[in-house]
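Right, one structure below, let's go through it.
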Amino acid sequence: MTITFIGHGYVGLVTATIFADLGNKVWVVGHTAEKIENLKKGILPIYEPGLEELVKRNVDAGRLLFTLDYDPAIKDSQVVFIAVGTPPKPTGEADLSVVFEVAEKVGKHLDGYTVVITKSTVPVGTNEKVSEVVSKVKSPKAEFDVASVPEFLREGEAIGDTLHPDRIVIGTQTDKARDILLDLHDPIGGERVLTNIRTAEMIKYAANAFLATKISFANAIAGLSELTGSDGTQVLKGIGLDKRIGSFFLNPGAGYGGSCFPKDVKALISIADQNNYDFTLLKEVEKINKEMILSIVKKSVKMLGGDVRHKKVAVLGLAFKPDTDDMRDAPSITVINELLEKGAKIKSYDPIASNNARNLFKNKEGLTFADDAMSTIKDADLLIIMTEWNEFKELDLNEIKKLMAQPNIVDGRNIFDPEKAKNLGFTYKGVGR
Ligand code: NAD
């Protein structure tokens with residue numbers, strides 16, 4: 001099949017490349033000349049493990065084509081995926097301006113029959129508006145159906161998730177569109193959930209809101225365990241083994257972040273508000289998450305005797321999770337900003353996300369970036385772990401102690417053994433234990 005993706009971010013580029021690798025001819029339409037030229041040369045705008053080789057293989061095979069032009073990509077395609085960003089507006093509601101902008105461009109170039117799919121996460125009813133936008137501008141001869149195929153991949157594991165998803169949700173309004181999408185997804189694993197468009201749109205938000213709720217619940221139990229002298233990690237293990245609960249997403253930590261959970265929780269609260277439903281549960285989920293991130297700051301200040309002015313703080317891990325360069329809504333941003341505000345000097349390091357972090361913090365006074373973990377830690381009064389990269393888990397606590405000015409650790413991701421740290425003379429605080 002010939003298909004087009006609009007957008008080459010974490011979702012668009014990975015999914016487009018997998019469909020090319022499965023033998024389809026795939027056009028990827030971008031809007032930045034430099035990025036498109038780079039993609040043609042195999043230079044990717046994002047980091048995702050294994051993706052560079054896969055893109056190169058499919059570009060070389062002539063199945064993956066990058067372009068700025070909607071023509072001939074759209075004309076040539078039976079299926080068009082819209083995979084652009086849907087960031088939050090200041091009110092929390094999803095900003096759909098780019099979705100509608102590209103839908104109009106797609107509409108103008110339609111030829112024959114095409115299925116126009118929204119893969120971006122969009123509020124219930126958006127596909128109906130996409131349909132109106134396309135109808136207004138398309139040529140009278142062109143026919144189309146809109147469809148919703150939301151994406152569930154995880155950054156860092158995106159290739160495996162795309163090839164072996166738990167499920168593929170296909171929301172359509174006609175049998176013709178449904179059958180084309182079933183055919184396209186045939187080589188990919190996972191249960192099929194065939195439904196209408198409004199239901200498919202809601203499934204995506206409900207899934208992310210549930211996962212965020214699970215994380216905030218785990219963090220609330222962790223916080224309470226600290227107060228009661230229980231071991232929160234053991235408590236969560238104890239409940240997660242119950243199959244009705246499940247152990248995924250029950251690890252206490254420094255709060256959720258990234259480009260999906262914070263914005264999708266906000267957007268679902270906003271969808272609820274617009275439908276006169278006060279989603280108080282999700283408001284608490286957000287509140288607990290904010291408190292969780294700030295608890296890392298509180299623990300740090302306390303460990304440094306209540307005053308962090310001129311204290312040297314090492315922050316290991318900046319990305320919102322390991323194996324990605326994505327800094328969007330990373331908890332490290334709040335922790336670093338709060339500590340800088342209180343007068344600390346921060347040296348930080350991330351194996352992949354440092355460049356994105358540099359752009360984000362824009363030469364912020366008091367913040368520097370190191371080239372590796374050990375030079376970050378050298379002479380620090382406190383070490384904070386913000387992302388559980390494997391290379392940090394393998395660090396030798398003995399070596400860390402020798403390098404630090406004071407042996408203090410706030411372990412926001414519970415990567416070190418508390419007993420071992422304490423036996424070596426560290427003042428150590430994890431999350432929930
Ligand atoms: P992203 O920011 O990485 O990518 C967005 C893409 O849209 C970029 O390639 C950008 O160049 C392109 N774009 C922006 N404006 C454009 C325009 N005017 N014309 C053409 N292209 C344009 O975002 P993402 O993380 O890939 O997310 C995309 C959507 O998928 C969002 O709705 C997100 O919520 C959803 N989603 C993301 C993930 C994830 O893990 N990142 C997972 C599931 C769903």
> Could you give every pair whose Cβ atoms fall below 6 Å, whose first residue belongs to the range 140-158 and is touching a residue at least 24 places away in the same chain (Cβ under 8 Å), and whose second residue is in a loop (DSSP other than H, G, I, E, B) and within 9 Å of the ligand (Cβ to nearest atom), counting only separations of at least 6 or pairs across chains?
Replying inline: Val149/Lys119; Glu151/Val11; Glu151/Lys119; Glu155/Tyr10; Glu155/Thr324; Glu155/Asp326; Gly156/Thr324
> Restricting the search to the range 233-269, which residues are of a type in the set (Ser, Thr, Tyr), under 26 Å from Pro88 (Cβ atoms) and at pLDDT 95 or above?
Replying inline: Tyr256
> If we scan the range 63-71, do we find a residue that is assigned to a helix (DSSP H, G or I) and in contact with a Lys or Arg (Cβ under 7 Å, 6 or more places away or on another chain)?
Replying inline: no
>> If I filter the range 37-47 down to residues being in contact with an Asp or Glu (Cβ under 7 Å, 6 or more places away or on another chain) and surrounded by 14 or more Cβ atoms within 10 Å (Cβ to Cβ), which single residue comes out as nearest to Gly156 (Cα to Cα)?
In response: Tyr47
> Taking the condition touching a strand residue (DSSP E or B) at 6+ places or on another chain (Cβ under 6 Å) and among the β-branched types (Val, Ile, Thr), does Val98 pass?
Replying inline: no
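Based on what the data block shows, is Asn414 closer than 30 Å to Glu286 by Cβ and surrounded by fewer than 20 Cβ atoms within 10 Å (Cβ to Cβ)?
In short, no.
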> Residues in the range 198-210 that are under 13 Å from Glu286 (Cα atoms) and surrounded by fewer than 18 Cβ atoms within 10 Å (Cβ to Cβ): how many?
Replying inline: 1
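For the range 407-426, name all the residues that are outside any strand (DSSP E or B) and within 20 Å of Val335 (Cα to Cα).
Pro407, Gly412, Arg413, Asn414, Ile415, Phe416
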>> It is to be established whether one or more residues within the range 173-193 are in the same structural domain as Thr17 (by TED's automatic domain parsing), within 21 Å of Leu250 (Cα to Cα) and either away from the ligand (no atom under 14 Å from the Cβ) or not hydroxyl-bearing (Ser, Thr, Tyr) (or both).
In response: no
> When only residues in the range 116-145 that are over 19 Å from Ile271 (Cβ atoms) and within 16 Å of the ligand (Cβ to nearest atom) count, which is surrounded by the fewest Cβ atoms within 10 Å (Cβ to Cβ)?
Replying inline: Val137
> Of these, Ile385, Ile377, Ile409, which one is touching a helix residue (DSSP H, G or I) at 6+ places or on another chain (Cβ under 9 Å), over 22 Å from Asn219 (Cα atoms) and among the β-branched types (Val, Ile, Thr)?
Replying inline: Ile377
>> If the requirement is being acidic (Asp, Glu), under 24 Å from Ser259 (Cα atoms) and assigned by TED's automatic domain parsing to the domain that holds Arg154, which of these qualifies: Glu53, Glu34?
In response: Glu34
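The values are calculated or read from the model by the stated rules, or taken from the named source; none is laboratory data. It should be emphasised that the depicted structure is a prediction, and the values quoted were computed from it without experimental measurement. We place every Cβ from the backbone using ideal geometry, glycine too, and count neighbours over all the protein chains shown.
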